[in-house]
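Here is the structure we will look at.
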Amino acid sequence: MMNTIWTFLVLVSFLVSAASGHVSAITDAAFTSVKSAVETAFSFIGIMAFWLGLMEVAQRAGLIDLLSRGMRPVVRLLFPSIPAGTPAEGAMLLNMSANLLGLGSAATPFGLKAMEELQKLNPDPATATDAMCTFLAINTSAITLIPATVIALRAANGSSNPTGIVGTTLIATVCSTVAAVTADRLLRGRGGHGRGGSH
């Protein structure tokens, strides 16, 4: 669907510029945008390497494991249907901890593993369980303490205070996660039947 929308926008832009005699403006804008993209990408490398390296040190130092242990009571509250100590719980804890630290590259495999383990506990493989839907909502909204990617983009574009986004990002992601969990709870059982594994 998005490919169709973008193709439509490009074609309309080209037709309008051709009709108004401004085709050269598209060419100029394309070259300017490409140059800007390359410059941003190169300036992005250094700051991203710094943050990812810092997060890797934190991960190897056991910070994610420490966060996982601290988050276990919250996970037990949110996912009462998942037996304690199962691989599913462990993968969810690691995913949520990695997202908290802005480690998207580490969070993704943990998230996939969590869904795989949750599916093994699913009594009806054709229907997502309450736990799967709740986890997806939390993973998508993801409370973030250190938005490394946004910090890197701000630094690459000359921000005088690249880390100034940290506080507002935390507030925004907390709000989005609360909204996601609330919607998940309110919408459970809608559509004529409950989701698999609801108890």
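Only residues that are surrounded by 10 or more Cβ atoms within 10 Å (Cβ to Cβ) and either in a loop (DSSP other than H, G, I, E, B) or touching a Pro at 6+ places or on another chain (Cβ under 8 Å) (or both): list them for the stretch 1-30, please. If the condition is that a residue be surrounded by 10 or more Cβ atoms within 10 Å (Cβ to Cβ) and either in a loop (DSSP other than H, G, I, E, B) or touching a Pro at 6+ places or on another chain (Cβ under 8 Å) (or both), then His22 is the only one that fits. Within the stretch 28-80, if we keep just the residues that are within 27 Å of Leu121 (Cβ to Cβ) and among the small types (Gly, Ala, Ser), the residue that is modelled with the highest pLDDT turns out to be Gly70. Annotation: of all residues in the stretch 102-149 being touching a Leu at 6+ places or on another chain (Cβ under 9 Å) and hydroxyl-bearing (Ser, Thr, Tyr), the one that is farthest from Leu187 (Cα to Cα) is Ser105. Close Cβ contacts (under 6 Å, 6 or more residues apart or on different chains) running from residues in the stretch 72-88 that are more than 17 Å from Ile143 (Cα to Cα) to residues that are hydrophobic (A, V, I, L, M, F, W, C) and exposed (fewer than 12 other Cβ atoms within 10 Å of the Cβ) are absent.
Residues considered: Ala128, Ala142. Of these, the only one that is within 13 Å of the chain's Cα centre (by Cα), under 26 Å from Leu77 (Cα atoms) and not polar (S, T, N, Q) is Ala142. Has the stretch 83-96 got any residue that is within 17 Å of Val181 (Cα to Cα) and within 12 Å of the chain's Cα centre (by Cα)? Taking every residue of the stretch 83-96 in turn, at least one turns out to be within 17 Å of Val181 (Cα to Cα) and within 12 Å of the chain's Cα centre (by Cα). The single condition among (1) at pLDDT below 85; (2) exposed (fewer than 13 other Cβ atoms within 10 Å of the Cβ); (3) not in a helix (DSSP H, G or I) that Gly102 does not satisfy is (2).
The values are calculated or read from the model by the stated rules, or taken from the named source; none is laboratory data. Because the structure is a prediction, the values reported are computed rather than measured. Positions of Cβ are generated from backbone atoms using ideal geometry, with glycine treated the same way; all protein chains shown enter the neighbour counts.
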